[in-house]
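Structure first, then comments.
The values are calculated or read from the model by the stated rules, or taken from the named source; none is laboratory data. From a predicted model like this one, the values you see are computed outputs, not experimental measurements. Counting neighbours? That spans all protein chains shown, and the Cβs are built from the backbone with ideal geometry, glycine included. Accessible surface areas use protein heavy atoms only, side chains included; no ligands, DNA or RNA. Shrake-Rupley method; radii C 1.70, N 1.55, O 1.52, S 1.80 Å.
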Amino acid sequence: MKEKNKPANIKTDKTALRLLSRLFPYIKTNAAGIAIMYLFSLINVAATIALPFLIQKGIDYGIALKDIDYLVKISAITAIVLFFQFFSFRYQGRLMMKIGNRILYYIRRDLFNHIQGLSFRFFDKNRTGNIMTRLTVDVQVLEELLMTGLDTVLVDVIMIAGIIGAMLLLDLKLSLVLLFILPLLVMIVFGLQSRIVRAARGIQGRLSSVNAFLNESLSGVMVTRSFAREKRNIKLFESYNGNYYKNTRKFYPLHAYFWQSVIMLNTASAGLVIIGGGLLIKSGQVTIGVVAAFLTYVTQLFQPMQKISNMLNQLSRAYASCERIFAIMDEKSDIVEKANSISDFQLTGDVTFKDVRFHYNPEEPILKGISFDAQAGETVAIVGHTGSGKSTIVHLVSRFYDVTDGAVLIDSIDIRDYSIAAYRRQTAVVMQEPQIFSGSVYENISFSVPDSTIDDVTAVCKQLGIHEMIIGFPDGYDTLMGERGANISIGQKQLLAFARAMLRDPRILILDEASAYLDTRTETMVQKALASIMKGRTTFVIAHRLSTIRNANKIIVLDKGVITDIGSHEELLKKEGIYKNFLRQNNPIAG
């Protein structure tokens, strides 16, 4: 399993501020709550700055002068300030958590909704594990930032300015300690940030690779075991995991060094205040209360600086996560619905391919000028060797992709003129690999028509002849399916997928190797049911089995993206060509 290269059309912004500004629309919707949160924050700032000032007054005018009445008065004021500080801090924190969670809710919602609308080309180029990492790990990194740093920048800058102002007002000479603290702290914070940002981006990228490999390994565990690739997979995982570990070894030592430097600078600053304050007290230039207040202010000064520093560290990881999240949000779907698309219509089911050309890669054309007509109610079988373009044709009918050139007409109207959702509501697809979701049998079948009743589901299953099979499950229609239907056979999965498609009563039905996993007895049962179900609707069938294609009204023979022949089974058998050879290879008894 080789890691896919990063798609060329994934965009990355070079400026962190520009990238993080993408969060502003989400923040703007919570403007009222944020304003109240900042109000509580400013009350907390005012209380924090006032407390050392009150301590200085209590020491110099209460304790030093032995004025008990003044000391009681200052203590009462201090208690009131502490109450407001506690109250404001509590509600500030509650609002920050509430707003942060709401923002994350909308980011997850928008990211998921956007992914739902992306074309299949996006999923062709991006591994499922990488996409899952964006929805989980990267959003979680944003969560850490929003839960701790939503109020940091503005409030803590005001806090720092207020503390510095209070220190200057208390004593200019003792404030000279700021000449030592601030330059060193700025050097530590901004000197390490660029290195921390680079390391953080590496961590997120490598973690995505680890998750993608794990996803593929777990979903393909049976294939891994069947080819005895366990040791090889262990080595590959060791490589992915080792690369992630190497990046963490770069990030976390930098992170630890950063905090050790901040703590040491805090301690050294307190020591300078004590030494400088002691000398000034001896010369009678300051009081003990001023020194005590300065010690408190120095400690308080480092708290908002540490919060800003921590926020910048989180910002470095959040930048990488935002880059990855909004790279997906910037992805454009190749399938674009017209502004004036037709949304109110009832399909008849006529399908026309008009000189259709298609490629995934311009250098490797898949369809090379395909033209044919399928009349409403006809069953059209498409046969050809692997890579001839069979699945591409039905993907174009489903509008999973758009043609590179030419047109697909549905009821004489270009498929691109229809509303995508309205069109697909009148079609149904059964793939070779049926998708079974966690949930009950009833929920899996009604997936195509969510408001259908159990009677609707039962009627379809009886028509298909699988009602007795379902009743035989432990809890009948309420039987819970394991992950991807692990507790039922592949053939049973296919039958449930048939029922899901039939419940929709589609005008156009597509069966893409849909009977590949059915045994002869089960296939006979399904063929009998399908014979009546396909009547009156246009059906495209991709299959290798003679029993599946021989009754088709029309058989299209493909070879390397070109139609070599069209006709009924009997007509094509009269010719010595690809169809006859195809049947000999895939159905030996037919030749």
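Among the residues of the range 541-562, the one identified as open to solvent by 40 Å² or more (accessible area, probe 1.4 Å), without any contact (Cβ under 8 Å) to a residue 60 or more places away in the chain and outside any loop (DSSP other than H, G, I, E, B) is 547. For the range 185-195, check the following and say yes or no: at least one residue is open to solvent by less than 60 Å² (accessible area, probe 1.4 Å), modelled with pLDDT of 70 or more, within 30 Å of residue 267 (Cα to Cα) and among the hydrophobic types (A, V, I, L, M, F, W, C). Checked against the condition, which is being open to solvent by less than 60 Å² (accessible area, probe 1.4 Å), modelled with pLDDT of 70 or more, within 30 Å of residue 267 (Cα to Cα) and among the hydrophobic types (A, V, I, L, M, F, W, C), the range 185-195 yields at least one hit. Of the helices (runs of 4 or more DSSP H) that lie entirely inside the range 396-487, those containing 1 or more residues that are open to solvent by 20 Å² or more (accessible area, probe 1.4 Å) and either within 16 Å of residue 349 (Cα to Cα) or among the aliphatic types (A, V, I, L, M) (or both) span 420-424, 454-464, 467-471. Of the residues making up the range 365-387, at least one is of a type in the set (S, T, N, Q), crowded, with 20+ Cβ neighbours inside 10 Å, touching a strand residue (DSSP E or B) at 6+ places or on another chain (Cβ under 7 Å) and part of a strand (DSSP E or B). The residues listed here are 261, 343, 333, 283; of these, the one that is small (Gly, Ala, Ser) and under 22 Å from residue 203 (Cβ atoms) is 261.
Could you tell me which residue of the range 328-353 is farthest from the chain's Cα centre (by Cα), considering only residues that are buried (at least 19 other Cβ atoms within 10 Å of the Cβ) and over 30 Å from residue 540 (Cα atoms)? Among those residues, the one meeting the criterion is 331. Yes or no: residue 391 in a helix (DSSP H, G or I), buried (at least 18 other Cβ atoms within 10 Å of the Cβ), in the same structural domain as residue 562 (by TED's automatic domain parsing) and at pLDDT below 90? In short, yes. Name the single residue, out of those in the range 35-79 being basic (Lys, Arg) and open to solvent by 60 Å² or more (accessible area, probe 1.4 Å), that is modelled with the highest pLDDT. Per the criteria, the residue is 73.
Scanning the range 80-105 for residues that are modelled with pLDDT under 85 and among the β-branched types (Val, Ile, Thr) turns up 99, 103. Of the residues making up the range 563-580, those that are modelled with pLDDT of 80 or more, over 47 Å from the mean Cα position of the chain (by Cα) and outside any loop (DSSP other than H, G, I, E, B) are 569, 570, 571, 572, 573.
Residues in the range 102-131 that are open to solvent by 70 Å² or more (accessible area, probe 1.4 Å), touching a residue at least 12 places away in the same chain (Cβ under 8 Å) and of a type in the set (S, T, N, Q): 128 only.
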